[in-house]
Amino acid sequence: MSRIGHVSRVVGVLLGAGVLAACQGGASTAPSTAAASQPVASGSAGGGGGTKSVVIGFTVAQTGATNVESVRQQHGLELWMEDVNNAGGIRLSDGTSVMLSAKSYDDESNTDRVQSLYTTLINEDKADFLISPYSSGLADAAAVIAEQNGKIMITAGAASDSTYMKGFTQVYQTYTPASHYLTGAADLLKSLDTSAQKIAIVHENDKFSTDVANALTSYATSEGYDIVVDEGYDTGTTDFAAFINKISAASPDAIMGGGHFADGSTFAKQLFEKGVNAKMIALLVAPPEPTFADIGDGAQGVVGPSQWEPTVKFSEAAAQSANLTWIGPSVDEFVSSYMAKYNEEPSYHSAGGYAAGLILQAGIQAADSIDTAKVRQALDGLDLMTFFGRTKFDITAESHGLQVAHDMVYIQWQGSSGSLEKQVVWPEAAQTAQPKYPLR
Amino acid sequence: MVDQLVASLVDGLLIGLVYGVAAMGLTLIWGVVEVINLAHGAIIALAMFGLYYLVSWAGLNPYIALPFVALGGLLLGYVVYAIAVQRVIDAPPLASLLATFAVNMIIIGTATTIFTTSPYSITFGLGSLSAGPVTVPATRIVASFASVAVAAGLYFFLYRSGTGRSIRAVANNRAAAELMGIPSGRVLALSFGIGTMLAAAAGALIATFFPFTILSGESYQLKSFVIVVLGGLGNPMGALLGGLVLGILEGLVPVFTSPSWTPVIEFLLFVAILLVRPSGLFGQRT
């Protein structure tokens, strides 16, 4: 009797745990519907064509390792939808207003969840167009589903070149590809110090960071640099002591690498705490985030490639002089409306989310339709400028959808602890301050 | 090369002491209660969040908050023992394993809902200390000294106090201890509480220098298992030495090969010890 009682209690505890897990799972798979800021009623809008409602499907890392970047991307995307709907939708030539609504899920920064969630978005939520999840690994998994189901997916926060070299025809990249992320940092180093010879590369072992590191290794070697350390660390690493001791032993002129926000911030902080004396530190993703400065002195002098900064000079006039189509708000309009809505400075992840929406909007406008085939054809021929920069896609069979026109800038945190400011230091044409070199 | 070796050795020793405290909790529970506590990692992670909120909300210095977190760990241990462990203590080992696994699931599930799995960190620093080729954040040095103090406190408690003798008596032979008038139920509950208190203390110390998520405890639980086997099952002082061995391994392996090989070598050692010397490096031969 006693043993049976014990067993039944254990089973009870297990069932309780199962119920809790189920509740948690259920909560996280419930779709989040961002209602259009204006009600959508077919046939109610102005013009002769009435209103059409379009569902934009995407997932967001509400939790997990890439939560910071992903939520910023979501903020940018949702602001774009709100702006479009507040302006009466995307207008087609027959007078139809295309109003937007969103369906999204929490992907928990987990690649394994993405494919089933995008399948749900397509088959159950009837998403018309897709925006990618944040980070290359997740976007790569989602792109397969988009392609299989014939849905257009605009990727944001998905820089890996390899995603666009798999023969996909429905996937379009917003960001400058990963292969260009840190090559500019090598150029910056060369412009500052022709005697610098040694670079240590320590990067996250995920798809995006590895692509960046491989491209950097190849480029830096071709430029005559010695790669004195080339190591990868697991996603979620918190103790970088072993890597830092290796770096210190190699006495590099520059340290480059990183991965995403959480690990990159920790790596930079521990490099400072361990007193590493490199002349330059250039890390992926983390430095351009405004909250990177929260690590204090460790942020000082750190360089990071950025897809966009609030100080960039893209404008309608610049688009006209380059004979390009312009769409969307100006840089200042985007920054002020973003800050008004979210009470934070937009990062390039925020801007990337908005820009992904603008690219889709430009495709719909150019196609004058929401038909997938027509929009795809329009996207193939797109060459436009937004506040985010220029956008044009490779349309060859080998790398269809790869971004070929957008350029990056490099930022550096300058000033003293407590009053650190992010400055654009490269390329020279975009500089807001001279680079601080050596950094400490 | 020598500089790197010295720096890595120091880093390994410092972190190894903290690992040792976490493993002492696991091995104490096994040694006295004869339960493998699969909620150990979850309690480590919970303690990290406990410290985070005491520092960020209550504004306490982390080292002042730490005893409160440890005390919370002790109380949580009593609660877990009363609800999930006590009822299966005489059941086959699988039952207690499942019971603590269920507790682990409940803690992780609930805490994930509250904290999400996003990374947290405590904004706190004491600067760094340098000596020759070695530069170490002061928080790691404080953590290692605190670990030694905790280990010394546990040693004196177990070997110099009446309650400690009762715990050792129950660990040696529960039936005989009961015949001698020792209230084994209370001793078992206390031992479980002390084990979770050690886990909480280790988690709080780690949170002073590493970022964490609610899932962070899993890796420290795995390390604790390796350390417990290295130090000898049920031997708290052996666990501290096992922690040092693991820390040194983590420091030195990357000097000679890629850091990615470190966990592979750790678990090869784990299996080798189980096969060759199952009583552990610092346990008595069976």
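Key figures
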{"read-out": "Subset of segment B:82-99 (residues that are outside any helix (DSSP H, G or I) and small (Gly, Ala, Ser))", "value": "B:ALA91"}
{"read-out": "Any hit, segment B:63-78, residues being out of contact with any Leu (no Cβ under 7 Å at 6 or more places or on another chain), without any contact (Cβ under 8 Å) to a residue 12 or more places away in the chain and not in a helix (DSSP H, G or I)", "value": "no"}
{"read-out": "Answer residue from segment A:57-91, given it is in contact with a Leu (Cβ under 6 Å, 6 or more places away or on another chain) and assigned to a strand (DSSP E or B) and is nearest to A:THR291 (Cα to Cα) among those", "value": "A:THR59"}
{"read-out": "Residue that is farthest from the other protein chains (Cβ to nearest Cβ) [pool: residues in segment B:202-247 that are aromatic (Phe, Trp, Tyr) and part of a loop (DSSP other than H, G, I, E, B)]", "value": "B:PHE209"}
{"read-out": "Checklist (1) of a type in the set (D, E, K, R); (2) within 14 Å of chain B (Cβ to nearest Cβ); (3) under 23 Å from A:SER70 (Cα atoms) applied to A:GLU309, failing item", "value": "(2)"}
{"read-out": "Residue that is nearest to B:TRP30 (Cα to Cα), among those in segment B:68-91 that are surrounded by fewer than 16 Cβ atoms within 10 Å (Cβ to Cβ) and at the interface with chain A (Cβ under 9 Å from one of its Cβ atoms)", "value": "B:ASP90"}
{"read-out": "Residue count for segment A:373-415, restricted to those that are β-branched (Val, Ile, Thr), part of a helix (DSSP H, G or I) and surrounded by fewer than 17 Cβ atoms within 10 Å (Cβ to Cβ)", "value": "0"}
{"read-out": "Scope segment A:376-408; condition within 22 Å of A:THR325 (Cα to Cα) and aliphatic (A, V, I, L, M); matching residues", "value": "A:ALA378, A:LEU379, A:LEU382, A:LEU384, A:MET385, A:ILE395, A:LEU402, A:VAL404, A:ALA405, A:MET408"}
{"read-out": "Qualifying residue in segment A:11-20 (condition: at pLDDT 50 or above, surrounded by 15 or more Cβ atoms within 10 Å (Cβ to Cβ) and under 30 Å from A:ALA262 (Cβ atoms))", "value": "no"}
{"read-out": "Single condition A:ASP332 does not satisfy, out of (1) among the charged types (D, E, K, R); (2) part of a helix (DSSP H, G or I); (3) in contact (Cβ under 8 Å) with a residue 24 or more places away in the chain", "value": "(3)"}
{"read-out": "Scan of segment A:202-235 for residues that are among the aliphatic types (A, V, I, L, M) and over 11 Å from A:GLY259 (Cα atoms), ordered by number", "value": "A:ALA215, A:LEU216, A:ALA220, A:ILE227, A:VAL228, A:VAL229"}
{"read-out": "Residues satisfying the stated conditions in segment A:416-430, i.e. assigned to a loop (DSSP other than H, G, I, E, B) and either basic (Lys, Arg) or closer than 19 Å to A:LEU284 by Cα (or both)", "value": "A:LEU420, A:PRO427"}
{"read-out": "Test result for B:ALA39, surrounded by 21 or more Cβ atoms within 10 Å (Cβ to Cβ) and either within 12 Å of another protein chain (Cβ to nearest Cβ) or β-branched (Val, Ile, Thr) (or both)", "value": "yes"}
{"read-out": "Search result, residues across segment B:254-286 that are in contact with a Gly (Cβ under 9 Å, 6 or more places away or on another chain) and within 20 Å of A:GLU231 (Cβ to Cβ)", "value": "B:SER258, B:PRO259, B:SER260"}
{"read-out": "Any hit, segment B:143-156, residues being surrounded by 22 or more Cβ atoms within 10 Å (Cβ to Cβ), over 30 Å from A:ASP239 (Cβ atoms), under 20 Å from the mean Cα position of the chain (by Cα) and modelled with pLDDT of 90 or more", "value": "no"}
{"read-out": "Total residues in segment A:247-270, condition of a type outside the set (Val, Ile, Thr), crowded, with 24+ Cβ neighbours inside 10 Å and touching a strand residue (DSSP E or B) at 6+ places or on another chain (Cβ under 8 Å)", "value": "11"}
{"read-out": "Failed criterion for B:PHE145 (all others in (1) away from chain A (no Cβ under 14 Å); (2) within 30 Å of B:LEU233 (Cβ to Cβ); (3) in contact (Cβ under 8 Å) with a residue 40 or more places away in the chain hold)", "value": "(3)"}
{"read-out": "Residue match in segment B:36-47 (condition: in a helix (DSSP H, G or I) and under 30 Å from A:ALA250 (Cα atoms))", "value": "no"}
{"read-out": "Residues being assigned to a loop (DSSP other than H, G, I, E, B) and more than 21 Å from B:GLN86 (Cβ to Cβ) - total across segment B:138-188", "value": "2"}
{"read-out": "Within segment A:214-263, tally of residues that are in contact with an Asp or Glu (Cβ under 9 Å, 6 or more places away or on another chain), within 11 Å of another protein chain (Cβ to nearest Cβ) and of a type outside the set (A, V, I, L, M, F, W, C)", "value": "12"}
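The rows are residues; the columns are (1) touching a Cys at 6+ places or on another chain (Cβ under 6 Å); (2) closer than 21 Å to A:ASP407 by Cα; (3) modelled with pLDDT under 95.
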residue: A:ASN277; (1), (2), (3): no, no, yes
residue: A:PRO290; (1), (2), (3): no, yes, yes
residue: A:PRO310; (1), (2), (3): no, yes, yes
residue: A:SER321; (1), (2), (3): no, yes, yes
residue: A:HIS349; (1), (2), (3): no, yes, yes
residue: A:GLY353; (1), (2), (3): no, yes, no
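For (1) within 30 Å of A:GLU78 (Cβ to Cβ); (2) surrounded by fewer than 24 Cβ atoms within 10 Å (Cβ to Cβ); (3) among the aromatic types (Phe, Trp, Tyr); (4) at pLDDT 95 or above, each residue gets a yes or a no:
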{"site": "A:ILE154", "(1), (2), (3), (4)": "yes, no, no, yes"}
{"site": "A:GLY157", "(1), (2), (3), (4)": "yes, no, no, no"}
{"site": "A:MET165", "(1), (2), (3), (4)": "no, yes, no, no"}
{"site": "A:VAL171", "(1), (2), (3), (4)": "yes, no, no, yes"}
{"site": "A:THR174", "(1), (2), (3), (4)": "yes, no, no, yes"}
{"site": "A:ALA178", "(1), (2), (3), (4)": "yes, no, no, no"}
{"site": "A:TYR181", "(1), (2), (3), (4)": "yes, no, yes, no"}
{"site": "A:ASP193", "(1), (2), (3), (4)": "no, yes, no, no"}
{"site": "A:LYS198", "(1), (2), (3), (4)": "no, yes, no, yes"}
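The values are calculated or read from the model by the stated rules, or taken from the named source; none is laboratory data. All of these numbers come straight from a predicted model, not from anything done at the bench. All Cβ positions, glycine included, derive from the backbone under ideal geometry; neighbour counts span all protein chains shown.
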